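Participant: Shown below is the structure under consideration.
The values are calculated or read from the model by the stated rules, or taken from the named source; none is laboratory data. Everything numeric in this text was worked out from a predicted model, so none of it was measured. As a convention, Cβ positions derive from the backbone with ideal geometry for all residues, glycine included, and neighbour counts pool all protein chains shown.
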Amino acid sequence: MNSSLIKVLLLICLSPLAFFASGESIYQQSMLRLNSNNHEKPVKQTLANFQGKPLITAFFMPNCRWCQRQHKALKKLHQHCPNIQTVMLGVQGSKQKLRKALQREKNTFPAYVANNTIIKAIGSKSPVPMMLFFNTQGTLVFKTVGYTPEPKLTALFTQHNINVCSA
């Protein structure tokens, strides 16, 4: 059985996040970049440049107060844990509304519109905020659903023996 078919079967049959268990697929997904320099001509990119380092993918949507709080917590986290990469993935909103949500938070993280494959994997009415954490090998280590404060994220890193934070 080829790997594409296996991934589709995982997507359909198992828990939605089992799709990301292999880790590789999140990095190969082509997505529209929200905060690229060229707003007139949208740029499709993959997350391939993020491979090899720990990665948090943080899902957000427009007009989500908890997403706004999560964004602030991620900014704090980045101050104490500079070795973690953070990517924002927008769901349930137009490109324009997602961009406005990022501008309101003065976002500095790379941001994309989650593509249909990712949306199917997390669920079409995904709970936001939600985060997926991938280790240096690209394997999904843990997920959070709902607002997760910075101290709890740091504790999760410690619990999973992931050294991305300074003492």
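Participant: From the list N161, N135, N107, N115, which residue is free of Cβ contacts under 8 Å to residues at least 12 places away in the same chain and not basic (K, R)?
Facilitator: Testing whether each residue is free of Cβ contacts under 8 Å to residues at least 12 places away in the same chain and not basic (K, R) leaves just N161.
Participant: Checking C13 against (1) within 24 Å of A155 (Cα to Cα); (2) surrounded by fewer than 19 Cβ atoms within 10 Å (Cβ to Cβ); (3) at pLDDT below 90, which test does it fail?
Facilitator: Answer for C13: the failing condition is (1).
Participant: Could you please find all residues in segment 74-90 being surrounded by fewer than 19 Cβ atoms within 10 Å (Cβ to Cβ) and part of a helix (DSSP H, G or I)?
Facilitator: K75, K76, H78, Q79, H80
Participant: Got at least one residue in segment 65-80 being under 19 Å from N35 (Cα atoms), hydrophobic (A, V, I, L, M, F, W, C), at pLDDT 90 or above and touching a Pro at 6+ places or on another chain (Cβ under 7 Å)?
Facilitator: Checking segment 65-80: at least one residue is under 19 Å from N35 (Cα atoms), hydrophobic (A, V, I, L, M, F, W, C), at pLDDT 90 or above and touching a Pro at 6+ places or on another chain (Cβ under 7 Å).
Participant: Moving to a separate point now. Given the conditions (1) of a type outside the set (F, W, Y); (2) modelled with pLDDT of 85 or more; (3) under 24 Å from S25 (Cβ atoms), and given that P62 satisfies all but one, which numbered condition is not satisfied?
Facilitator: In the conditions (1) of a type outside the set (F, W, Y); (2) modelled with pLDDT of 85 or more; (3) under 24 Å from S25 (Cβ atoms), P62 misses (3) alone.
Participant: Follow-up. Got a number for residues in segment 38-73 being within 26 Å of S166 (Cα to Cα) and either in contact (Cβ under 8 Å) with a residue 40 or more places away in the chain or not aliphatic (A, V, I, L, M) (or both)?
Facilitator: Number satisfying all stated conditions: 19.
Participant: Those residues that are under 13 Å from the mean Cα position of the chain (by Cα) and modelled with pLDDT of 90 or more, I need them from segment 101-128; list them, please.
Facilitator: Those that are under 13 Å from the mean Cα position of the chain (by Cα) and modelled with pLDDT of 90 or more: F109, P110, A111, Y112, V113.
Let's see how each residue does on (1) part of a strand (DSSP E or B); (2) surrounded by 17 or more Cβ atoms within 10 Å (Cβ to Cβ):
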position	(1), (2)
K97	no, no
K100	no, no
Q103	no, no
K106	no, no
I118	no, yes
F133	yes, yes
K152	no, no
A155	no, no
I162	no, yes
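Participant: Could you run through segment 79-100 and say how many residues are closer than 30 Å to I162 by Cα and either within 14 Å of the chain's Cα centre (by Cα) or touching a residue at least 24 places away in the same chain (Cβ under 8 Å) (or both)?
Facilitator: Count: 12.
Participant: So, of the residues in segment 81-91 that are touching a Leu at 6+ places or on another chain (Cβ under 9 Å) and either among the acidic types (D, E) or more than 16 Å from K143 (Cα to Cα) (or both), which turns out to be modelled with the lowest pLDDT?
Facilitator: So the residue we want is C81.
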